[in-house]
1. Go over the candidates Ala132, Ala123, Ala159, Ala166 one by one and state the one that is farther than 13 Å from Val101 by Cα, small (Gly, Ala, Ser), surrounded by 13 or more Cβ atoms within 10 Å (Cβ to Cβ) and touching a helix residue (DSSP H, G or I) at 6+ places or on another chain (Cβ under 7 Å).
2. If I go through region 93-112 residue by residue, how many of them are under 18 Å from the mean Cα position of the chain (by Cα) and loosely packed, with under 13 Cβ neighbours inside 10 Å?
3. Name the residue that is surrounded by the fewest Cβ atoms within 10 Å (Cβ to Cβ), counting only residues in region 135-153 that are in contact (Cβ under 8 Å) with a residue 24 or more places away in the chain and in contact with a helix residue (DSSP H, G or I) (Cβ under 7 Å, 6 or more places away or on another chain).
4. Name the helices (runs of 4 or more DSSP H) wholly inside region 69-175 in which the number of residues that are of a type in the set (Val, Ile, Thr) and modelled with pLDDT of 90 or more is 1 or more.
5. Taking region 82-115 on its own, how many of its residues are touching a Gly at 6+ places or on another chain (Cβ under 9 Å), touching a residue at least 60 places away in the same chain (Cβ under 8 Å) and charged (D, E, K, R)?
6. Does Ala118 count as farther than 18 Å from Ser16 by Cβ, free of Cβ contacts under 8 Å to residues at least 40 places away in the same chain and loosely packed, with under 13 Cβ neighbours inside 10 Å?
Amino acid sequence: MGTTNAAREDLAWLFSQCESEMGIKSSFGTFIRASQWGAARARVDGDTGDLTNGAQEELEGEDAFIEALDARRAAARLLATARNRRIMAAYHQLDVAHQRVLEAAYAARQYPPEVRQAFGELAGVAPLTATARALPAWSWEWLARAALRPVGRTVKAEAEALLGAALQAFERVRP
C-alpha cells in the first residue's frame, strides 16, 4: 500500500506551515521590526522638540488596511485550525516510533549539505536506522563520508523503509 501525495502534503504542512496559517506569530517580531525600521525613522518634531517615531506613524496608517483583512484572516485561520486538528488526531494515533520518524523527515532542520545532497528527505531519518544506532561514535561527518560507501546505501535503504512504514501507518489512520 503506497502513500498518497495528500498524506505527504498534510505532514509537510503540519511541520512547516501550520503555525503560520493558524496565526501564531513569531516571538522574534519585535526584533524583526526593530531591524526593519531602525533608529533612522526616529526624528525630532520641529514644533514640539519631542522625539517622534516615524515608523510608528507609518504603522498606525496601516492599521485600517490590516483591520479590513481581519475577517478574511479569521476564516483562513479557522480552516487552518480545523486542518491541524484533523492531521493531529491522526498523528496522535501513531506509535511514538512512527511519530519520531515522521518528525525527523518533515521537521525543518539544518543538515550538513553533503548529507542533505546524499539523503534528501531521509537526512533526518538516517540517524534512526539500526546501522547508525549501532555505531559507537555516530556523527554527521560519519554519515557524510558513509554516503559514498556501501554502508551509506544500507543506511539509506533502512531510512527509506522506516519512512515508508511511518507514512503507511499515517495513511491508515488519516481521515
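1. Values: Ala123 fails: farther than 13 Å from Val101 by Cα; Ala159 fails: farther than 13 Å from Val101 by Cα; Ala166 fails: farther than 13 Å from Val101 by Cα.
None of the other options fit; the residue is Ala132.
2. 4
3. Among those that are in contact (Cβ under 8 Å) with a residue 24 or more places away in the chain and in contact with a helix residue (DSSP H, G or I) (Cβ under 7 Å, 6 or more places away or on another chain), it is Trp140.
4. Working: elements: 96-106, 113-119, 130-134, 140-146, 150-173.
Helices (runs of 4 or more DSSP H) meeting the threshold: 96-106, 113-119, 130-134, 150-173.
5. 1
6. On the way: farther than 18 Å from Ser16 by Cβ: yes; free of Cβ contacts under 8 Å to residues at least 40 places away in the same chain: yes; loosely packed, with under 13 Cβ neighbours inside 10 Å: no.
Spelling it out, it is not the case that Ala118 is farther than 18 Å from Ser16 by Cβ, free of Cβ contacts under 8 Å to residues at least 40 places away in the same chain and loosely packed, with under 13 Cβ neighbours inside 10 Å.
The values are calculated or read from the model by the stated rules, or taken from the named source; none is laboratory data. Since the model is a prediction, treat every value here as computed from it, not as a measurement. Cβ sites come from the backbone with ideal geometry, for glycine too, and all protein chains shown count toward neighbours.
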